[in-house]
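Enquirer: This is the structure I have questions about; it appears just below.
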Amino acid sequence: MKAPRAQAGTLVSLKKRSDFLRARDKGRRWVSQGLVIQAVPRAENSANAETSPEAGRIRFGLTVTKKVDRRAVVRNRIKRRLRAAAAQSLVLANPDFDYVLIGRTETLDRPYARLCGDITWCLSKMGLLAENPS
């Protein structure tokens, strides 16, 4: 069965550490110059997954380690840039997966259009672009 196409503004943040660990341990990853994307098929924990408020919505999380920069101000700026790029680019992604975007040092100074392009490029390389983007 074909997954429903996500509409703009249908992004949901991953909050639980277990979701991030599941993406790290069981997911696929692709590295670009501006970021790293991890993608893992969505966990079907509940029998009523079709009626849950997150059905058909794209779930994503952001992380930037202290290896990138020790200063929280810089890491938070990288996360803000990733969040904005994800809002524009992840709507093209397959909603049956959870995505974790990992910031890199280059994320801070990379032009915004290229950062969005990195997300789309990674998704296409992993084969996770939605079938009929509109």
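Enquirer: Somewhere in segment 92-100, is a residue part of a helix (DSSP H, G or I), aliphatic (A, V, I, L, M), in contact (Cβ under 8 Å) with a residue 24 or more places away in the chain and touching a strand residue (DSSP E or B) at 6+ places or on another chain (Cβ under 8 Å)?
Expert: yes
Enquirer: Next question, about the same structure. Quick check: anything in segment 66-83 crowded, with 19+ Cβ neighbours inside 10 Å, touching a residue at least 60 places away in the same chain (Cβ under 8 Å) and assigned to a helix (DSSP H, G or I)?
Expert: Checking segment 66-83: not a single residue is crowded, with 19+ Cβ neighbours inside 10 Å, touching a residue at least 60 places away in the same chain (Cβ under 8 Å) and assigned to a helix (DSSP H, G or I).
Enquirer: Do we find that ILE37 is surrounded by 14 or more Cβ atoms within 10 Å (Cβ to Cβ), modelled with pLDDT of 95 or more and within 21 Å of LEU123 (Cβ to Cβ) in this structure?
Expert: It is true that ILE37 is surrounded by 14 or more Cβ atoms within 10 Å (Cβ to Cβ), modelled with pLDDT of 95 or more and within 21 Å of LEU123 (Cβ to Cβ).
Enquirer: Restricting to segment 98-114, what's the tally of residues that are more than 18 Å from THR65 (Cα to Cα) and crowded, with 22+ Cβ neighbours inside 10 Å?
Expert: 1
The values are calculated or read from the model by the stated rules, or taken from the named source; none is laboratory data. Bear in mind that the values here come from a model prediction, so they are computed numbers and not experimental data. Cβ coordinates were reconstructed from backbone atoms using ideal geometry, including for glycine residues, and neighbour counts include every protein chain displayed.
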